[in-house]
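Novice: This is the structure I have questions about; it appears just below.
The values are calculated or read from the model by the stated rules, or taken from the named source; none is laboratory data. All of these numbers come straight from a predicted model, not from anything done at the bench. Neighbour counts run over all protein chains shown; Cβ positions are idealised from the backbone, glycine included. Accessible surface is based on the protein model in full, side chains and every heavy atom, while ligands, DNA and RNA are left aside. Shrake-Rupley method; radii C 1.70, N 1.55, O 1.52, S 1.80 Å.
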Amino acid sequence: NPLAWWARWRELLGNKNVDFRAYDVLGELWVLKYLAEHGEQAEWNGPNGATYDIDCGGYYAEVKSTTARNKKQITLSNLFQLDPPDGAKLYLMLCQFESAQEGISINSLVQDLEELGYSSSGLNEKLSKLGLEKGKTARKRNYAIIAVTKYLIDENFPAIRRSSFIGGDLPEGVMNITYTVTLDGIIGEIIN
């Protein structure tokens, strides 16, 4: 399998193993802009390896993006990504996009965020951490927004939490869990 062979060699040689799904980052930037336009002091923490993508002081937002029109599913690889911190609210924002000739792009959202007072150099530094340096074609790809839906993560939301495990820790020998959640039947608020 030549692709698997190349992926292994690329990792061994130290090249960044980056997934250029521009719409994942686009969703985070769109939600950041939406929150800022609605008066929130929102900080984008996703590229810094934080548990939650956006910190709004009193609550957090986890952003998931998809180009699937008819499937509302999210995949989680950070085990406690949908486990709200004590005393704080956590929202899941599902962004559904489709490729388009005209629409929004990472570059257009960076410009919009600059106009809202965000630092251009700070945003570009975070994008570089994700392998999306200035000049990358992925930053110019246009998408149309189909829908953005906001869900409150509470005890009724289907998720793995610390309380799912005895003592709040993974069983001995288990290093990581990746799981998929369907949002079908879960009531959310369409925000765009």
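Novice: Find the centroid of the Cα atoms in the range 57-117 and in the range 124-147, then give the distance between the two in whole Å.
Specialist: Using only Cα atoms, the two centres lie 14 Å from each other.
Novice: Still on this structure, please answer the following. Could you grab the relative contact order for the chain? Cα pairs under 8 Å, six or more apart, rounded to a whole percent.
Specialist: Once normalised by length, the contact order is 25 percent.
Novice: Could you tell me whether the range 124-164 comes out rounded, prolate or oblate from its Cα gyration tensor? Rule is a ≥ b ≥ c as square roots of the eigenvalues, rounded for a/c under 1.5, then prolate if a/b exceeds b/c, otherwise oblate.
Specialist: Verdict is oblate for the range 124-164.
Novice: When DSSP beta bridges are limited to those with both residues in the chain, what percentage is antiparallel, rounded to the nearest 5?
Specialist: Antiparallel: roughly 70 percent of the beta bridges in the chain.
Novice: Could you list which residues have their amide H under 5 Å from that of residue 142, counting only those 5 or more apart in sequence or on another chain, with H placed in the peptide plane?
Specialist: Result for residue 142 returns 100.
Novice: Another question about this same structure. Leaving ligands, DNA and RNA out of it, work out the accessible area of residue 56 with a 1.4 Å probe and give it in Å² to the nearest 10.
Specialist: Approximately 10 Å² for this residue.
Novice: When the helix-only estimate is applied to the chain (DSSP H runs of n ≥ 4, each -39,500 (n - 2.57), divided by the residue count), what is the mean residue ellipticity at 222 nm, nearest 500 deg cm²/dmol?
Specialist: So the calculated ellipticity at 222 nm is -8000 deg cm²/dmol.
Novice: Now a separate question. On the full set of protein chains, 1.4 Å probe, figure out the accessible area of residue 34 and give it in Å² to the nearest 10.
Specialist: So the heavy atoms of residue 34 present about 50 Å² to solvent.
Novice: Further question: So how strong a dipole does the chain carry about its Cα centre when Lys and Arg Cβ are +1 and Asp and Glu Cβ are -1, to the nearest 20 debye?
Specialist: So the magnitude is around 820 debye.
Novice: Share of the chain's accessible area from carbon and sulfur, percent, 1.4 Å?
Specialist: Its accessible area is 48 percent carbon and sulfur atoms.
Novice: If you don't mind, there's one more thing I want to ask. Pick out which of 150, 72, 129 has the largest mean-square fluctuation in a Gaussian network model of the chain, springs linking Cα atoms closer than 10 Å.
Specialist: Most flexible of the set in this elastic network: 129.
Novice: I'd like the accessible area for residue 190: 1.4 Å probe, protein heavy atoms, all chains in place, Å² to the nearest 10.
Specialist: Counting only protein heavy atoms, the figure is 100 Å².
Novice: To continue, here is another question. So how do 66, 51, 180 rank on accessible area, 1.4 Å probe, biggest first, that is with the largest at the start?
Specialist: Sorted descending by solvent-accessible area, the residues read 180, 51, 66.
Novice: At 1.4 Å probe size, put 162, 69 in order of accessible surface, largest to smallest.
Specialist: 69, 162
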